[in-house]
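Engineer: My questions all concern the structure below.
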Amino acid sequence: MHDIVPSDMPCWHFLETNLRQVMARYGFEEIRTPVVEKSTLFERAIGDSTDVVEKEMYSFEDKGGERLSLRPEGTAAVVRAAIQNGLLYAAPLRLWYCGPMFRRERPQRGRTRQFHQVGVEAFGATGPDIDAEVIALGESLWRSLGLGDLRLEINSLGTVQERLEFRNDLRSYLESRKDALDEDSLRRLDRNPLRILDSKNPVVQEALSDSPNLADYLGQESRDHFTKLLNFLDELGVGYVVNPRLVRGLDYYSHAVFEWISEDLGAQGTICAGGRYDGLVEMQGGKPWPAVGFAMGLERIVELLRQAHEFEAQPPHVYLVLAGSETSGPGLLLAERLREELPALRLVSNVGGGSFKAQFRRADRSGARVALVLGEDEISSGTATVKFLREDVPQKTVPMDSVGDLLLKVVQS
């Protein structure tokens with residue numbers, strides 16, 4: 001778990017600002033849920049055979065004897081909140097969320113045990129048009145962030161019954177090839193064999209070369225849904241690769257699933273993933289309700305943004321130097337007046353005293369473009385002295401009433 005220090009924030013602010021703008025353009029409304037939920041919420045929704053529930057959740061028993069968990073993902077909590085607050089009946093409902101998630105997994109580049117996730121969830125529409133719109137939203141976000149070198153992979157998992165038939169046949173196939181499976185694959189074989197399909201082990205992939213193909217198990221309705229979705233994406237000009245081995249690690253997905261992948265993050269290249277989860281609302285105690293969405297890990301996107309852009313902290317426009325023992329009070333009043341007059345002004349006021357020379361060293365270290373000097377002589381004459389720190393411009397002494405006009409030009413330049 002890592003701190004996000006001030007020098008990191010310009011990149012995070014850039015990402016968060018673009019996220020909010022894109023969500024608003026597509027009519028998605030923000031929802032916020034607690035970071036702690038009942039453990040059964042995730043066990044039921046995600047699946048107790050998944051790596052997340054088996055190995056990665058931070059769970060504990062509270063003083064009342066109830067089992068609670070730090071949320072490992074956002075969708076289950078959003079569904080719970082939508083049901084409890086009666087939001088689903090305003091369908092189609094478009095929600096998005098942002099916040100910290102927690103998984104006890106091996107930390108690596110772009111992946112930490114506390115990580116930040118943004119997700120979108122659209123409820124109440126059964127057709128592939130909403131799937132296409134959710135994918136288009138993702139594409140719009142990448143464009144706004146200047147991330148163009150991403151690959152969209154897509155597949156169809158079909159219905160729950162179709163996937164169950166495929167899973168049984170896949171398990172039988174793999175049972176006859178146990179010698180080629182690694183420890184992780186053997187552990188998944190009985191409870192979650194679909195996850196073996198996305199193994200990164202080349203020996204396991206070789207064993208899968210003649211495995212059953214999920215597409216062969218899809219009924220006509222599932223095939224039509226997927227074909228229409230691909231047609232929509234073609235019309236929108238969205239490039240994609242159909243990956244027949246793409247699966248999701250959570251049990252609640254059905255029909256279309258998709259991932260955006262970067263080649264610039266090493267082995268863990270997926271930065272955003274999602275799909276349709278029509279059965280999750282019913283699993284959480286609601287009525288059968290269609291839904292589709294995706295989630296992205298912000299730390300990974302921040303890694304890509306740092307490779308694509310230069311981000312610099314915004315230094316203050318002005319450092320207020322206070323010369324003399326009786327200038328602190330008038331200096332505070334002047335600083336507040338200027339901040340009120342110029343909402344875009346970034347002004348740092350010297351605090352804690354210090355010699356004239358020491359204050360100018362602080363002003364220079366702050367990166368401020370201008371030092372605004374208020375001494376006892378200036379207070380007596382109703383003026384202030386403006387010294388330009390980054391430009392070869394003579395210092396100026398201006399009437400106090402004109403300081404705002406001069407600093408406005410600094411802000412705008």
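Engineer: From the list Ala125, Ala136, which residue is touching a residue at least 24 places away in the same chain (Cβ under 8 Å), part of a loop (DSSP other than H, G, I, E, B) and more than 26 Å from Ser185 (Cα to Cα)? Walk me through how you get there before you give the answer.
Structural biologist: Details: Ala136 fails: part of a loop (DSSP other than H, G, I, E, B).
The conditions single out Ala125.
Engineer: Can you pull out every residue in the range 59-76 that is touching a helix residue (DSSP H, G or I) at 6+ places or on another chain (Cβ under 7 Å), without any contact (Cβ under 8 Å) to a residue 60 or more places away in the chain and surrounded by 14 or more Cβ atoms within 10 Å (Cβ to Cβ)?
Structural biologist: If the condition is that a residue be touching a helix residue (DSSP H, G or I) at 6+ places or on another chain (Cβ under 7 Å), without any contact (Cβ under 8 Å) to a residue 60 or more places away in the chain and surrounded by 14 or more Cβ atoms within 10 Å (Cβ to Cβ), then Ser59, Leu68, Ser69, Arg71, Pro72 are the ones that fit.
Engineer: From the set of residues in the range 238-265 that are in a loop (DSSP other than H, G, I, E, B) and at pLDDT 95 or above, which is nearest to Val53 (Cα to Cα)?
Structural biologist: To start, the set of residues in the range 238-265 that are in a loop (DSSP other than H, G, I, E, B) comprises 238-240, 243-253, 262-265.
Filter once more, keeping what is at pLDDT 95 or above: 238-240.
Values: Val238: 34, Gly239: 34, Tyr240: 31 Å.
Restricting to residues being in a loop (DSSP other than H, G, I, E, B) and at pLDDT 95 or above, the top hit is Tyr240.
Engineer: Output the residues belonging to the range 227-243 that are within 27 Å of the chain's Cα centre (by Cα) and touching a residue at least 40 places away in the same chain (Cβ under 8 Å).
Structural biologist: Of all residues in the range 227-243, those within 27 Å of the chain's Cα centre (by Cα) come to 229-230, 232-234, 236-243.
Residues satisfying the conditions are Leu229, Leu230, Phe232, Leu233, Leu236, Val238, Gly239, Tyr240, Val241, Val242, Asn243.
Engineer: All but one of (1) surrounded by fewer than 20 Cβ atoms within 10 Å (Cβ to Cβ); (2) more than 30 Å from Ser366 (Cα to Cα); (3) of a type in the set (S, T, N, Q) hold for Ser325; state the number of the condition that does not hold.
Structural biologist: Failing condition for Ser325: (2).
Engineer: I've got another one for you. Go through the range 142-168 and count every residue that is more than 30 Å from Glu16 (Cβ to Cβ) and touching a residue at least 12 places away in the same chain (Cβ under 8 Å). It would help to see each step written out before you state the result.
Structural biologist: Of all residues in the range 142-168, those more than 30 Å from Glu16 (Cβ to Cβ) come to 155-168.
Keeping just the survivors that are touching a residue at least 12 places away in the same chain (Cβ under 8 Å) gives 155-160, 162-163, 165-167.
Qualifying residue count for the region: 11.
Engineer: Take the range 189-220 and flag every residue that is in contact (Cβ under 8 Å) with a residue 60 or more places away in the chain and not small (Gly, Ala, Ser).
Structural biologist: Arg191, Asn192, Arg195, Lys200, Leu218
The values are calculated or read from the model by the stated rules, or taken from the named source; none is laboratory data. What you are looking at is a predicted structure, and each value in this text was computed from that prediction instead of being measured. Cβ atoms come from the backbone with ideal geometry, glycine included; neighbour counts cover every protein chain shown.
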